[in-house]
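To start, the structure itself, in structure tokens.
The values are calculated or read from the model by the stated rules, or taken from the named source; none is laboratory data. Note that the structure is predicted; figures quoted are calculated from it, not measured. Neighbour counts are summed over all protein chains in view; Cβ atoms, including those assigned to glycine, are modelled from backbone coordinates with ideal geometry. The protein model used for the area step is the full one, side chains on, heavy atoms only, and it has no ligands, DNA or RNA in it. Shrake-Rupley method; radii C 1.70, N 1.55, O 1.52, S 1.80 Å.
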Amino acid sequence: MWRIDGDEPKPLTASVLPAEKELHEFLKRDPSLLGERLMVIGSEVITPYGPRLDLLAIDADGNLNLLELKRDKTPREVVAQVLDYGSWASTLSRDDIIDIATKHLDQPFEAAFEDVFGSAPPDELNGALSLTIVAAELDASSERIVNYLRDFGVPVNAVFFSYLEDDGRRYLARSWLTASDDETPKATTGNKKSKRAAWNGKDWYISFAGGDRMWEDARQNGFVSGGGGKMFSQDMRTLPKDARIWVNVPPMRYVAVGRVLAPAARFEHAQVLVGGNWVQLSAQALHGTYPDDPATPDDIAEWVVPVEWIDARPLEAGFWERGMFASQHSACKLRQEFTLGRLAAHFNTDDGE
């Protein structure tokens, strides 16, 4: 690196980083120094084998990234250590990961995840794994070992930081052993522990949005609907009778919980339960516009699911917290315990509902 604001380029002076502990703190506060958006969910993480993993991070896809500082270890020691940590981390279930994050973070894991990545965490965590050796400098022996392991598909890489000074200013320069745009292996993690959020068999998420649909129509007449595309129409048709549904009206506000009374039907044939009687939905006074052309293919048609509301509220009373689940699907299984817990408390429901 050179400074070029004078008559001639001036090389910056490379110095020794005061302490790798300082580098650890830099990465703990801002793991984007590695060039990838990550969230640290554990520092000095206790493992069952005694030693502590320096940093445990997670990416936007829910994959774990293990960061181990070289410190004064020999090349063989640091590589063996990070591989040992990898063998342990590959067995972590979704619950294990959230437990580690809960001890490290000052807010719920789901809320912290949304703060960093802009969305709720995926249903599956730890589907793949990356191992990174972090060093102030990297010796030739470490390079040979890491490159050899990578040739066999081991998801390990090394990054080193150069420390430079210039007129009282301090700089860090980052170099990866293998460039990020090269083919980087990722280890899939397979074991008996569940890495996907479990489904309780009854709760479903509904996104009531798009087109000219009006939430007040659905609230007053007891239905949800979706269509206009294959994904949306098929989603509605998967809802089983007696399913419990939680309705989100984008952008991000849960407004109702209810029970499905019957399978989905095309709008022109749909019936809803009003005042204890089944009536034709199309004959009701509706504010929105719902496609009802019989010639429309099933994959494009509007599909209506009749619902008995347990608690349905107007839009202005919608509820949302950071980290809660949201999806573009018009209907899907709701697995996230964080969301279910917040909704049950807000809408005063319990497992008996």
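A few remarks follow.
- Taking the Cα centre of the chain as reference, the dipole from Cβ charges on Lys and Arg (+1) and Asp and Glu (-1) amounts to some 780 debye.
- Amide proton proximity set for residue 47, modelled H, under 5 Å, gap of 5+: 53
- Between region 27-83 and region 130-168, the Cα center-to-center distance that results, in Å: 13
- Listed residue pairs exceeding 25 Å between alpha carbons, taken from 103/195; 21/73; 195/230; 195/333; 73/103: 195/230; 73/103
- The residues of region 245-308 present an accessible area of 46 Å² per residue when probed at 1.4 Å with all protein chains retained.
- Residue-averaged [θ]222 nm for the chain, counting only DSSP H segments that reach four residues, each worth -39500 (n - 2.57): -7000 deg cm²/dmol
- Share antiparallel - DSSP beta bridges, the chain, percent rounded to 5: 75
- Kirkwood-type radius of the chain, with distances r between different C-alpha atoms, in Å: 23.6
- Gyration tensor verdict on region 1-116 (Cα atoms; rounded if a/c is under 1.5, prolate if a/b is larger than b/c, oblate otherwise): oblate
- Given charges at beta-carbon only (K, R positive; D, E negative), |dipole| of region 1-138 in Debye: 460
- Cut-off 9 Å between beta-carbons: net charge of the residues surrounding residue 162, Lys and Arg +1, Asp and Glu -1: 0
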